[in-house]
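Laboratory data are not the source of any read-out in this text; all were calculated from the coordinates shown. Note that the structure is predicted; figures quoted are calculated from it, not measured. Cβ coordinates were reconstructed from backbone atoms using ideal geometry, including for glycine residues, and neighbour counts include every protein chain displayed.
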């Protein structure tokens, strides 16, 4: 064969790829379309639920007001303080959550509680991207949509959205990225995405330690060493935060949250008894597994949930046990990642047929559909869910009438309506508040129920009037008193 015979074809002789083939190749594939669409839909739904809830007086000073004051401090280049926790109280002396400073630039541009609620909505929705993309790539478009739907409308996520803003919003997408990488044996990304979790909250270091431990257990050589170092990183930040940083910045030189954890022995015994007896811990544990048709039990990724479940169930604070509030949002990510991983493992070992796969994901989607009418998102299907509470309008009118340099003590369910424009403490004031407010704004027709009940509010108002406060405004069941 001559050199001429083996020379490459000239440009004129080259065969051009058909135009329709190039167009098909340029089109977004299902593993892009499904995650992006799911994110857009969920971010919108989450934002609507949160903002409308705020305008219906469903938010509170504890905790939305605290985070507004914290992030507002960062936006003003000050230490993160909250007068709701106590006069000049450094919030890092309550929980170690410096990651919230990332929202300071956004809050500086849009100084409103709704900024935090929308940011949380976006962060929660981001987690659906890696989860649904993994599902699409492993099982196809229909299953990816089912996973996106079931995670996005899961009870744990909705409960968190229904209760103010919390720092764990940052943990949700970080854990989703880390666990999906872990399930796909991409060890380094799994570790890298887990590292920042230590700055979300002091307990998250335990979760980081588990992720690092799993990588160390499953790998060898340099990767095993990196996994071990990640576990040390997580545990080290737990110790540093609980033993050094929080006590140093707290009002009493201690880690106050530690008082909610009884001795380990009695905590384990009480937890075992409570679960067997069917208290709220049993209900939470059941719902955590039922949301994945109990298939998540087949995946070792479920171990990542152990630290969060353990400290909650061991605590003597019964609020931690319940399937409400914000405590279950991070666990939704864990159980859905474990669900996908479990089905992949079963398929890999030929323990599951195609029909079995469809049955599992159909059951998961069915659970989400059946639960939906009983969850907060159902409010969006009613006219009342889109209304604004008259007390919100009245609060804004009162806020406009009070000069910005005046301090306010407000009922817990009114605090978020004033916190972006005034220095606010809760009414009745707590022992940690050392300065008398210029104004008292109290919800007489719908008492917040905390720090006191309606009777406690009545007594606190009577004491305030006796000390010289004068009633200035009455509107929609709200009374505002000024200190001359």
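Some notes on this structure:
- Cα principal axis extents for region 390-482, largest first, Å: 27, 26, 22
- DSSP assigns beta bridges within region 390-482; of those with both partners inside it, close to 60 percent run antiparallel.
- Over all pairs of different C-alpha atoms in region 142-260, the reciprocal of the mean inverse distance, the Kirkwood hydrodynamic radius, equals 15.8 Å.
- Legend: P(r) of the chain from all alpha carbon pair distances, 20 Å bins from 0, whole percents, reading 21, 50, 22, 5, 1, 0.
- Stokes-Einstein D in µm²/s, Kirkwood radius over Cα pairs - region 231-306 at 4 °C with 1.567 mPa s viscosity: 84
- Taking other C-beta atoms within 10 angstrom as a stand-in for reagent exposure, 29, 432 fall in the order 29, 432, fewest first.
- The residues 49, 471, 92, when put in order of fewest to most other Cβ atoms within 10 Å, stand as 471, 92, 49.
- Counted by neighbouring Cβ atoms within 10 Å, the residues 136, 244 run from fewest to most as 244, 136.
- Here the sum of -39500 (n - 2.57) over DSSP H runs of 4 or more residues, divided by the residues of the chain, equals -16500 deg cm²/dmol at 222 nm, to the nearest 500.
- With only the Cα atoms considered, region 349-431 has a convex hull volume of 200 Å³ per residue.
- Taken over the Cα atoms of region 35-102, the convex hull encloses 111 Å³ per residue.
- Cα radius of gyration and Dmax for region 289-373 (Å): 14.5, 45
- Region 390-482: relative contact order in percent, alpha carbon pairs under 8 Å with at least 6 residues between: 30
- P(r) tail for region 140-207: Cα pairs beyond 19 Å make up 46% of the total.
- Distant alpha-carbon pairs in region 99-152 (separation over 19 angstrom), percent: 43
- Against the chain, whose longest principal axis is taken from its Cα atoms, helix 329-348 shows a tilt of about 20°.
- Degrees separating the helix 128-139 axis from the principal Cα axis of the chain, which is the longest one: 30
- Counted over the chain, the DSSP beta bridges are approximately 65% antiparallel.
- Contact order relative to length of the chain, as percent, for alpha carbon pairs under 8 angstrom and 6 or more apart: 18
- Summarising the overall dimensions of region 91-188 from its C-alpha atoms, the Rg and Dmax are 15.4, 47 angstrom.
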